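Down below is the structure, laid out as structure tokens.
Just so it is clear, none of the values below were taken in a lab; they were calculated from the coordinates. Note that the structure is predicted; figures quoted are calculated from it, not measured. Because the Cβ atoms are built from the backbone with ideal geometry, glycine has one as well, and the counts that use them run over all protein chains shown.
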């Protein structure tokens, strides 16, 4: 399946509420996943339903998560239980002329299915890929995981087969009768943006990925600041 | 219960993994909730577990959500089903000297319980409170919801009684043996930040809440730009 193929919605992924905002193509789904550092993982156990945030990354048609073996969430997900993984980017507050039509702009992805464990050489490779996604080139700079660190870490992946995206963009959609109401209308946009890097140590200078972060940082980003404990 | 009281963790809210990052006091919980526009709501039905993003706000010791009556999530939550509501703020990528100790800084809140419907005058008041949370003063400027709009909207609230917060701050926590490794170490911080307002209409000028948004916006925020459809 190519990156642009559309997958038909399943009974769980078909979007009913404002159906026109639903997207089922891989390119849209991948773009939303790739813009995320964190997903929310919902699962059920004998105590009920849980919703836990965790780091994530994509390789091909899978979303990956990882963590310490002891984490309840990973232990349960590794059993192959049905889960739901959701990623949400909030893009803005939509201020309409009537209270009723206020809305938000967002991009979200909802993935259903089961995780499978990633083991052996693929596990180390997946963790390297995560470091590279955070900071290109860095997996060759840091001390790699040793045998006990890798053994203490669980890596899981879930296919992006049963998934849907939902997106709202644009300004308010007011009723015609409200268009002349004397009130400010529009969008208050927002984005998760880089701030100035906090340096703990830079023995060999500042790598490209930190420079790139600093160059797009919103705050005083001309120089990396010292990390405050 | 005052806003600073500590509530004992329940079997579901007690944080086991890196327990020192857990917080059970109201002030910490409220601060995380109040910084959020969106939460993730996990619930189960006959199709399995779901995790859906939705707008949220706090009043007192309750978290509120709302939406069109037809939304599956709200219909199920309104039945009093057990749910889990999670809010996550990602604050930075923590780059350690070893791959294993890479981490993220974050503030999260996890709330367990059941929603209850908010009806009658309390429903209209709760929706006004939401508009005020987004834009102080705005509930008196927009056209208020009429009878049919209010009837078409579900408002639910869940008590913040069974809830916990988890927070990571600070720089990398490397092994002593790795401290001399020649690699950049520190934090790449990030934040959900305002961008320049996009104006659809400003018949009576720019209200204070839009000016305030613009004044803290990261991009060319000196003037509100026209909204692009």
Inset, instruction - May I ask you to sort B:54, B:88 by Cβ crowding, counting other Cβ atoms within 10 Å and putting the fewest first? - result: B:54, B:88
Inset, instruction - Mind telling me which of A:103, A:68, A:148 comes out most flexible in a GNM of chain A, alpha-carbon contacts under 10 Å? - result: A:148
Inset, instruction - Please arrange A:15, A:134 by counting, for each residue, the other beta carbons lying within 10 Å of its beta carbon, fewest first. - result: A:15, A:134
Inset, instruction - For the range B:107-169, list log₁₀ I(q)/I(0) at each q in 0.20 Å⁻¹, using the Debye formula over Cα point scatterers of equal strength and ignoring solvent, two decimals each. - result: -0.88
Legend entry - Between helix A:121-134 and chain A: long-axis angle, C-alpha atoms, 0 to 90°, nearest 10: 50
Inset, instruction - Within a 10 angstrom radius of each residue's Cβ in A:201-207, how many Cβ atoms of other chains show up on average? Whole number is fine. - result: 5
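Using the Kirkwood formula over every pair of different C-alpha atoms, what hydrodynamic radius in Å results for the protein assembly as shown?
Values: mean 1/r = 0.0430 Å⁻¹.
Every distinct Cα pair counted, the radius reaches 23.2 Å.
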Legend entry - Percent of beta bridges antiparallel (DSSP, the protein assembly as shown, rounded to nearest 5): 95
Inset, instruction - Report the dimensions of the range A:61-129 along its three principal axes from the alpha-carbon atoms, largest first, rounded to Å. - result: 57, 25, 22
Inset, instruction - Enter the Cα centre distance for the pair the range A:147-211 and the range A:107-134, rounded to the nearest angstrom. - result: 19
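Take the Cα gyration tensor of the range A:1-72, multiply each eigenvalue by 5, square-root it, and list the three semi-axes largest first, rounded to whole angstrom.
Computed over the range A:1-72, the values are 25, 18, 11 Å.
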Legend entry - Label distances, nm, residue A:119 versus same residue in remaining copies, Cβ-directed 7 Å point: 5.5
Inset, instruction - Determine the calculated [θ] at 222 nm for the protein assembly as shown from helices alone, applying -39500 (n - 2.57) to every DSSP H run no shorter than 4 residues and normalising by the residue count; nearest 500 deg cm²/dmol. - result: -5000 deg cm²/dmol
Inset, instruction - For chain B, with a Gaussian network of springs between Cα atoms less than 10 Å apart, report the residue from B:185, B:99, B:151 with the top mean-square fluctuation. - result: B:99
Legend entry - Ascending list, in nanometres, of distances separating the residue A:147 label from those of the other copies (7 Å, Cα toward Cβ): 7.7
Inset, instruction - Can you give me the P(r) profile for the range A:1-132? Cα pairs, bins 5 angstrom wide beginning at 0, each as a whole percent. - result: 2, 8, 16, 20, 19, 15, 10, 5, 2, 1, 0, 0
Legend entry - Orientation-averaged projected area, Cα convex hull of chain A (nm²): 17.3
Legend entry - chain B: most fluctuating residue of B:36, B:126, B:177 per GNM, C-alpha cutoff 10 Å: B:177
